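The values are calculated or read from the model by the stated rules, or taken from the named source; none is laboratory data. All values reported here derive from a predicted model rather than from experimental measurement. For neighbour counting, all protein chains shown are included, and Cβ atoms are generated from backbone atoms with ideal geometry for every residue, glycine included. These accessible areas exclude ligands, DNA and RNA; they are computed on the full protein's heavy atoms, side chains included. Shrake-Rupley method; radii C 1.70, N 1.55, O 1.52, S 1.80 Å.
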Amino acid sequence: MIKLLIPVLILSSVVQASECKLVDNNSIEPNTILGKKLSVFWSNEYTGADLVKKELRTINWKKRVKVSVYDSGFEKDFINLNEDTLVEASYMRRNRRLTAHHGTSVTNIINGNESYGVSELVDYLGLRNVKFASTYNQEFRRYEELDTYPKIISNSYGWSNTKSIQELSFKAKERDILWFLAAGNDHPNEISNIEQDSGAILIGSYAPSGLQSSFSQVSNKVVTLAGGDDYQASIDGKGVHTNFGGTSGATPLVAASIANIAALIPNITYEQVVELIRATNLTSFEQNNRLQFKPGLFNAYKAFHVAKKIAKKCHYHIDSNDTLCVTSELKNRENFNFAHLIDEAPLATTILSKDLSCENRKQDLEILRGHALLIDSPILWERLESVYTNLSYTKNAEFYGNLKTRFELTRIQIRQMEIAAINALKEEKFFESYFRYQDFYTEKYQLELVELLIGENNYSKYWIAHYLSEMKKSLTEDVISKLKSSLEDRSSEVKEYIRKILE
């Protein structure tokens, strides 16, 4: 019996060894969200940040970029430091130092090893624990003493209403320091006036579907949304892989991507960066469906390639300081046009063909991803949707399908979002992006929530009632009638929730 098994085992191992893994998860188990599989490094893949990092290795005229990070402490052992710099650990609580997970995760999104980090050109000027507002002023005094300022600041911690930080941000803007600030994770509350009216560039977060994170705060000052949500890959304060995210994770992704652009145009200004980001953003749900605030989806790859075109035209590949040329070329729409590449984009059938070498298939998938980000064509998004569907990465496919349709709200699309929201409640995932868009949902969805609320089940009545309450002004007469009729024979807990919804 053993002799019969040996050839089978050998054959099995040969098949596994020859399997072509087009999506590289660094041997980490992919995420599963509401039954859909998602690649581990999706946030870098969606923006093309991984492609930029690879292409920068072939450019010999790039410069290194000074970066500072303001956060909640850092574990030095798990951060890539290219030179000696100030690294602050987390604060003490009851004579015990807390492990600094948050700041460590932020820095690993900026320049972590392998697929984690966005940039290989970052030199940290300081990693500061900003529990106290005074730290910001201390850090700027230190820059003055060193006679060295960062080009990029990544700041994932909010300022509240601290006016002194606001004033610092304006001074930073005057020096063309690019200060990226997390928009915050407390939607629907407004971003503080101090943070909005500042010299910082506000960054929001979107989910793996491409929909804005349910908690991501917005205003007309939010320049872009980047992949974050609750599923962004990083390293925690113990050196272990973790799911990070929110606007805290989206911010370093954008900051590091712009550091890669500053490596080509070292004196790029605040206004130029904001214009470049906005002009290269992908269309978001908010933009296509005419919501009040309309940030697009961050496109690191196109922003980089437009910057590379401009850098060469303005002779930065030799040694230039011509910011007027950069401003002029940003107004030249030809620098944003890559339509001629569409005929060179590989087909989905080519990428999925097992007749080709694995290396060629991987290369073709990278080319298709890059061309889709440059051209933003429904044809190319559809090809990517097909590839990822065939690879069983159905969450990635959902994102590309949404880009293909520009998040068009058909009845089918609305129903899919409603079902996802219901399933999220059943799986106790109470902050999925689908809840953000309940104003677009039908009466059927409202009635389904009511059935979950009044039914004999173990689902969270608190959260079901919470999302019904959020739709209080749009509840239909049939839904209200159903709630009222349920007051007679339900538990006291459910009755209390119903009364609050009907108030």
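Quick look at the values:
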| quantity | calculated |
| --- | --- |
| GLN212 vs. criteria over 15 Å from the mean Cα position of the chain (by Cα), closer than 30 Å to HIS466 by Cα and at pLDDT 95 or above | no |
| Count of the range 179-201 residues which are without any contact (Cβ under 8 Å) to a residue 60 or more places away in the chain and assigned to a loop (DSSP other than H, G, I, E, B) | 8 |
| Pick from the range 194-213, criterion touching a Lys or Arg at 6+ places or on another chain (Cβ under 7 Å) and within 28 Å of ILE177 (Cβ to Cβ), ranking: surrounded by the most Cβ atoms within 10 Å (Cβ to Cβ) | GLN212 |
| The range 122-156, residues that are among the hydroxyl-bearing types (Ser, Thr, Tyr) and under 14 Å from SER198 (Cβ atoms) | TYR136 |
| Members of the range 33-65 found to be surrounded by 20 or more Cβ atoms within 10 Å (Cβ to Cβ) and within 30 Å of THR135 (Cα to Cα), listed by number | VAL65 |
| Residue in the range 68-88 that is open to solvent by less than 50 Å² (accessible area, probe 1.4 Å), under 27 Å from LEU368 (Cβ atoms) and touching a helix residue (DSSP H, G or I) at 6+ places or on another chain (Cβ under 9 Å) present | no |
| Subset tally (residues that are assigned to a loop (DSSP other than H, G, I, E, B) and either touching a residue at least 12 places away in the same chain (Cβ under 8 Å) or touching a helix residue (DSSP H, G or I) at 6+ places or on another chain (Cβ under 9 Å) (or both)) for the range 36-67 | 10 |
| Candidate set from the range 89-121 (those that are assigned to a loop (DSSP other than H, G, I, E, B), of a type in the set (A, V, I, L, M) and open to solvent by 20 Å² or more (accessible area, probe 1.4 Å)); member that is farthest from LEU51 (Cα to Cα) | LEU98 |
| Filter result (of a type in the set (Gly, Ala, Ser) and either on the phi > 0 side of the Ramachandran plot or not in a loop (DSSP other than H, G, I, E, B) (or both)) within the range 130-165 | SER134, SER154, SER160, SER164 |
| Of all residues in the range 341-362 being in a helix (DSSP H, G or I) and under 18 Å from HIS305 (Cβ atoms), the one that is most open to solvent (accessible area, probe 1.4 Å) | ASP343 |
| Restricting the range 244-283 to residues that are among the aliphatic types (A, V, I, L, M) and open to solvent by 10 Å² or more (accessible area, probe 1.4 Å), the residue that is nearest to ALA183 (Cα to Cα) | VAL274 |
| Considering residues of the range 399-416 that are hydrophobic (A, V, I, L, M, F, W, C), touching a residue at least 40 places away in the same chain (Cβ under 8 Å) and in a helix (DSSP H, G or I) only, the residue nearest to LYS36 (Cα to Cα) | PHE399 |
| Among residues of the range 383-403, those that are closer than 17 Å to PRO208 by Cα, open to solvent by 10 Å² or more (accessible area, probe 1.4 Å) and among the charged types (D, E, K, R), counted | 2 |
| Residue list for the range 284-336, restricted to those being open to solvent by less than 10 Å² (accessible area, probe 1.4 Å), over 25 Å from GLY210 (Cβ atoms) and in a helix (DSSP H, G or I) | ILE310, ALA311, VAL326, LEU330, ASN335 |
| Breaking point among (1) modelled with pLDDT under 95; (2) open to solvent by 80 Å² or more (accessible area, probe 1.4 Å); (3) of a type outside the set (S, T, N, Q); (4) over 19 Å from LYS426 (Cβ atoms), for LYS500 | (1) |
| Complete set of residues in the range 422-446 that are open to solvent by 70 Å² or more (accessible area, probe 1.4 Å) and either assigned to a loop (DSSP other than H, G, I, E, B) or under 19 Å from PRO208 (Cα atoms) (or both) | GLU427, GLU428, PHE431 |
| Leading residue by the ranking (least open to solvent (accessible area, probe 1.4 Å)) among those in the range 175-193 that are among the charged types (D, E, K, R) and closer than 17 Å to ALA262 by Cβ | ASP176 |
| Pair list, Cβ < 9 Å and 6+ apart or interchain, from the range 144-162 residues that are without any contact (Cβ under 8 Å) to a residue 40 or more places away in the chain to residues that are open to solvent by less than 60 Å² (accessible area, probe 1.4 Å) and among the charged types (D, E, K, R) | GLY158/GLU195; TRP159/GLU195; SER160/GLU195; ASN161/GLU195 |
